[in-house]
Amino acid sequence: MVYDPRGLIDRRFHRHPDGPVVSFNERQILRALQREPGLSRADLTGRFDLTQQSLHRIVEQLASRGMIRLGAPKSTSGRGQPSPTLYLQPSFAHSWGISLNSETLGIALMDFAGNLVADELHVLRSATQSGVLTLASQRMAALSQVHGMDRAACLGLGFGIVGYWVEGTRFAPPLTLRDWAMVELGPLLCDWFDRPVWIENTANTAAVAEAFLGVGRRIPTFAHISMNHWLGSGLIQNGELWLGGNNNAGEFFSLYESEPRVRHPALKRLMELMHDDGTHIHNISDILRGIDTERPAVTRWIAEALPGFNRLLAALWSVFDPQAVVLGGQLPPALAQRLIDGVNLPILRRYDIPRRAPKLLISDLGPNVSALGAAVFPLRVSAF
């Protein structure tokens, strides 16, 4: 039997016992309010192919279910009674996000309005299944108590794991996570957490966070580069995650495997160089706490990483043609800017008109972005 978390969502969230959580039209309205809180019914009427009566009925149903709340009307100089403003109701539901990277565990708690309630990033002492899952459960229980979260209001949990997809809910992570390799994670995690669980690559969950909470609110098609211990990329096309034909779009590791002279531009190499330079770097958390970007080891890393980084950007531009490339993950913004400053993309010109290149941007969602995106998955699949 194929594992499908959508069928495991608690029936209390559904429109009807055997139906989806929301209808197509309800999803449109909820997504609009997530992007622009405070829209009025009058604002929404002109956006969708719905009669005024149909839209009013849908809004009333969403409000009666506790999914949205009505706010004060907008001031208007027109005739008639002004329409109330509409907002998502944060307490309707919440979701959890967990991200498992080579040496860190990220945890995020998000409410129904997409507000980040809490997030934590832990350095792993043990990457075994029992060690990771025990730590995650303990922290989730503690955060639930601190923030007064009702377990019955949990839509589900998103789980991101570094590595490429194989089939079903099985992934091939790095050797540091060998205990997680080729395991059907869906049933395992669903049984452990007693919640529906969505599983995805951490680079893809980071890209989903960027689409839902960051750059994607103004740019619909972009690539998100997650620079952590290793490097990955998630692709967002017209606001939706693009997985490719074999569910591994954005796996650019093969760009470097066949040509060792071009280094894989990731933080693992920076840690090695800083150690050789006499700086005590034990894990990525030491980098996140702040480093001198002018240190010789950092300058050398930038020089080594730029050829591979340029190659990655050229591949994204040539094949995916994004409007923007967003640099994020656990790379500090100051280092991201140094990489961007060194980019050298050959610009094609014809008839003295250059081919449009993607904007190079730095994510402002922080180093726990893959956990944030994992928390988005249950909300996005169910309601947005």
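The values are calculated or read from the model by the stated rules, or taken from the named source; none is laboratory data. Nothing here was measured: the structure is a model prediction, and the numbers come from that model. Here Cβ is always computed from backbone atoms with ideal geometry, including for glycine, and neighbour counts include all displayed protein chains. Ligands, DNA and RNA are stripped out before the accessible areas are found, and what is left, the full protein with its side chains, is counted by its heavy atoms. Shrake-Rupley method; radii C 1.70, N 1.55, O 1.52, S 1.80 Å.
A few comments on the model shown:
- Some residue of the stretch 359-377 being within 28 Å of Asn115 (Cβ to Cβ), open to solvent by 30 Å² or more (accessible area, probe 1.4 Å) and assigned to a helix (DSSP H, G or I): yes
- Sub-9 Å Cβ pairs linking a first residue in the stretch 229-258 that is open to solvent by less than 70 Å² (accessible area, probe 1.4 Å) to a second residue that is assigned to a loop (DSSP other than H, G, I, E, B) and of a type in the set (S, T, N, Q), at least 6 apart or interchain, are His229/Asn101; His229/Ser102; His229/Asn283; His229/Gln330; Leu235/Thr221; Ile236/Thr221; Gly239/Thr221, ordered by first then second residue.
- Count of the stretch 151-167 residues, restricted to those that are of a type in the set (Gly, Ala, Ser), in contact (Cβ under 8 Å) with a residue 40 or more places away in the chain and more than 19 Å from Pro20 (Cβ to Cβ), is 2.
- Checking Gly131, Gly148 one by one, the residue that is free of Cβ contacts under 8 Å to residues at least 60 places away in the same chain and on the phi > 0 side of the Ramachandran plot is Gly148 and no other.
- Every condition in (1) more than 15 Å from the chain's Cα centre (by Cα); (2) more than 30 Å from Asp43 (Cα to Cα); (3) open to solvent by less than 20 Å² (accessible area, probe 1.4 Å) is met by Leu88 except one, and the failing one is (2).
- Residue in the stretch 34-52 that is open to solvent by less than 70 Å² (accessible area, probe 1.4 Å), touching a residue at least 60 places away in the same chain (Cβ under 8 Å) and either under 20 Å from Asp111 (Cα atoms) or among the β-branched types (Val, Ile, Thr) (or both) present: yes
- Within the stretch 165-197, the only residue that satisfies the criterion of being at pLDDT 95 or above and among the hydroxyl-bearing types (Ser, Thr, Tyr) is Thr169.
- Listed by position, the helices (runs of 4 or more DSSP H) enclosed by the stretch 247-340 that each have at least 1 residues that are of a type outside the set (A, V, I, L, M, F, W, C), in contact with a Phe, Trp or Tyr (Cβ under 8 Å, 6 or more places away or on another chain) and more than 19 Å from Val369 (Cβ to Cβ) are 267-276, 296-319.
- Pairs are defined by a Cβ separation below 7 Å, a sequence spacing of at least 6 or placement on different chains, a first member in the stretch 265-281 that is modelled with pLDDT under 85, and a second member that is open to solvent by 60 Å² or more (accessible area, probe 1.4 Å) and not in a loop (DSSP other than H, G, I, E, B); the pairs so defined are Asp277/Pro296; Ile281/His275.
- Tally, over the stretch 131-149, of residues that are exposed (fewer than 14 other Cβ atoms within 10 Å of the Cβ) and more than 23 Å from Arg380 (Cβ to Cβ): 8
- The condition (being open to solvent by 30 Å² or more (accessible area, probe 1.4 Å), within 20 Å of Ala207 (Cβ to Cβ) and within 24 Å of the chain's Cα centre (by Cα)) is satisfied by just one residue among Pro322, Pro333: Pro333.
- Selection count, the stretch 150-165, where residues are under 22 Å from the mean Cα position of the chain (by Cα) and open to solvent by 50 Å² or more (accessible area, probe 1.4 Å): 2
- Within the stretch 208-227, being open to solvent by less than 50 Å² (accessible area, probe 1.4 Å) and either more than 30 Å from Asp150 (Cβ to Cβ) or not in a helix (DSSP H, G or I) (or both) holds for Gly214, Val215, Ile219, Thr221, Phe222, Ala223, His224, Ile225, Ser226, Met227.
- Selection within the stretch 270-289 - open to solvent by 40 Å² or more (accessible area, probe 1.4 Å) and out of contact with any Pro (no Cβ under 7 Å at 6 or more places or on another chain): Glu272, His275, Asp276, Gly278, His280, His282, Arg289
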